[in-house]
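Asks: Quick one: structure below, then a few questions.
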Amino acid sequence: MAGGGAERVMATLANGFSLQSKVSLITFNNGNSYPIDPKVNRVYLHGGTLKNHTLRSWKNLYSYYRVKENRPDAIVVFMPANALIVVPIAKIFGIKVIISEHNNHKANPSTKSKWTRKLLYPLANAVTILTSYDLEFFKKMNQKVVIMPNPIVLPDHVPEFRNRKKNILAAGSFKRLDVKGFERLIKISAPILKQHPDWTLTIAGSGGNGIEILRGLSQELGIEGMIILPGFCKNIQEMMQQSQVYALPSKYEGLPMVLMEALSNGMACIAYDCISGPGDLIENKSNGILIEDQNEELFGEGLKMLISDDEFRNEIASNGPESMVPYNISNILERWNKLFNEIKSN
């Protein structure tokens, strides 16, 4: 449960399910980056003497499910690596299993992930994906493939937009700087920030030596005083409600949770129309700006338009929250419950 979009979805779903069912949230590695409702049974299967992570996790999960009271009606597996652990154990104990994908299938899968998909996905009772982009690819592996968007908890209150700081916000893992596009974002923003010194750029995240790389780049470009690097932030919603613009310069995404949250918090959003996700969430120049994939010149022009045109910025920001209502946690839980009922009868 380290910081990341899939982990945030996992926490959101567990908390939502706990209002209607008995829920256990099981992990095989350390980390607790997101709040978990006390009603959720948090299970840590991290220990053991076996050095191989997969073998150790197999042993721990098998031991846990040997106790009949611990066995659920269904398991939802997040990420291909965990499917390698969970699917064999679920089959041993006759537990229904759903594999939940949280990226698009072209997002540089490892050799291990490719083999896991090929060998184990056909054994699952269902596979969920984020968008229609992946439908045909995963239908080759499993007959029951369901589009299941990420859920969000809509904020109770969205602060007045005009009272927010003139700040551009971006967030994500610094372990994948190239994929997330943060270095390119700083380069694109540099001339714009120099022309608009009352604006700042905040990039929230952690991992590797990302902060040092981004700080060095901002110094090299002469904008270090305008770049804020706070590290990983658990209070990302608070930061969104204090900022006006959200930028997503990724090379690829699944269905970006952070963009959904930015829209729901009434930010003026700009994103590349990358594979996949932003195009499912943003209607260009209605609730955000959608830029031709990896066209840095156009991204700069779009960002400059947002910063210089107060009326336009306010207008698209005001359309964001309503556009996210279909992804509200209650609507997504209904779709999950429908899927649970379908696999239960099979």
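The values are calculated or read from the model by the stated rules, or taken from the named source; none is laboratory data. Since this is a predicted model, take the numbers as computed values, not measurements. Every residue, glycine among them, receives a Cβ derived from its backbone with ideal geometry; neighbour counts consider all protein chains shown.
Asks: Does residue 201 satisfy the condition of being crowded, with 19+ Cβ neighbours inside 10 Å, of a type in the set (A, V, I, L, M, F, W, C) and in contact with a Pro (Cβ under 9 Å, 6 or more places away or on another chain)? Spell out how you get there, then give the answer.
Replies: Details: crowded, with 19+ Cβ neighbours inside 10 Å: yes; of a type in the set (A, V, I, L, M, F, W, C): yes; in contact with a Pro (Cβ under 9 Å, 6 or more places away or on another chain): no.
In short, no.
The rows are residues; the columns are (1) in a loop (DSSP other than H, G, I, E, B); (2) surrounded by 15 or more Cβ atoms within 10 Å (Cβ to Cβ); (3) touching a Lys or Arg at 6+ places or on another chain (Cβ under 7 Å); (4) among the aromatic types (Phe, Trp, Tyr).
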{"position": "11", "(1), (2), (3), (4)": "no, yes, no, no"}
{"position": "21", "(1), (2), (3), (4)": "yes, no, no, no"}
{"position": "50", "(1), (2), (3), (4)": "yes, no, yes, no"}
{"position": "56", "(1), (2), (3), (4)": "no, yes, no, no"}
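Asks: Could you list, in sequence order, the residues of the stretch 104-121 that are in a loop (DSSP other than H, G, I, E, B) and surrounded by 12 or more Cβ atoms within 10 Å (Cβ to Cβ)?
Replies: Answer for the stretch 104-121, where residues must be in a loop (DSSP other than H, G, I, E, B) and surrounded by 12 or more Cβ atoms within 10 Å (Cβ to Cβ): 104, 105, 106, 107, 109.
Asks: How many of the residues making up the stretch 233-251 are among the hydrophobic types (A, V, I, L, M, F, W, C) and modelled with pLDDT under 95? Write out each step before concluding.
Replies: Start the filter on the stretch 233-251 by keeping residues that are among the hydrophobic types (A, V, I, L, M, F, W, C), which leaves 233, 236, 239-240, 245, 247-248.
From what's left, modelled with pLDDT under 95: 233, 236.
Going through the stretch 233-251 one residue at a time, the tally reaches 2.
Asks: While we're here: Does any residue in the stretch 95-122 that is of a type in the set (Lys, Arg) and modelled with pLDDT of 95 or more come within less than 8 Å, Cβ to Cβ, of a residue that is assigned to a loop (DSSP other than H, G, I, E, B) and surrounded by fewer than 18 Cβ atoms within 10 Å (Cβ to Cβ) six or more places away or on a different chain, and which pairs are these?
Replies: Final answer for the pair search is 96/73.
Asks: Would you pick out the residues in the stretch 126-150 that are in a loop (DSSP other than H, G, I, E, B) and either crowded, with 21+ Cβ neighbours inside 10 Å or within 22 Å of the chain's Cα centre (by Cα) (or both)?
Replies: Scanning the stretch 126-150 gives 130, 131, 148, 149, 150.
Asks: Let me ask something else. Please find, among 324, 267, 305, the residue that is touching a strand residue (DSSP E or B) at 6+ places or on another chain (Cβ under 8 Å), surrounded by fewer than 17 Cβ atoms within 10 Å (Cβ to Cβ) and at pLDDT 95 or above. Break it down stepwise before answering.
Replies: Details: 324 fails: surrounded by fewer than 17 Cβ atoms within 10 Å (Cβ to Cβ); 267 fails: surrounded by fewer than 17 Cβ atoms within 10 Å (Cβ to Cβ).
Unique residue meeting the criteria: 305.
Asks: Okay, moving on. Please count how many residues of the stretch 270-302 are hydroxyl-bearing (Ser, Thr, Tyr) and at pLDDT below 95. Walk me through how you get there before you give the answer.
Replies: Pass one, the stretch 270-302, residues hydroxyl-bearing (Ser, Thr, Tyr): 272, 276, 286.
Then keep just the ones that are at pLDDT below 95; that gives 276.
So the answer is 1.
Asks: Let me ask another. Based on what the data block shows, is residue 7 exposed (fewer than 14 other Cβ atoms within 10 Å of the Cβ), outside any strand (DSSP E or B) and acidic (Asp, Glu)? Explain how you work it out, then say what you get.
Replies: Numbers: exposed (fewer than 14 other Cβ atoms within 10 Å of the Cβ): no; outside any strand (DSSP E or B): yes; acidic (Asp, Glu): yes.
Against the criterion (exposed (fewer than 14 other Cβ atoms within 10 Å of the Cβ), outside any strand (DSSP E or B) and acidic (Asp, Glu)), residue 7 does not qualify.
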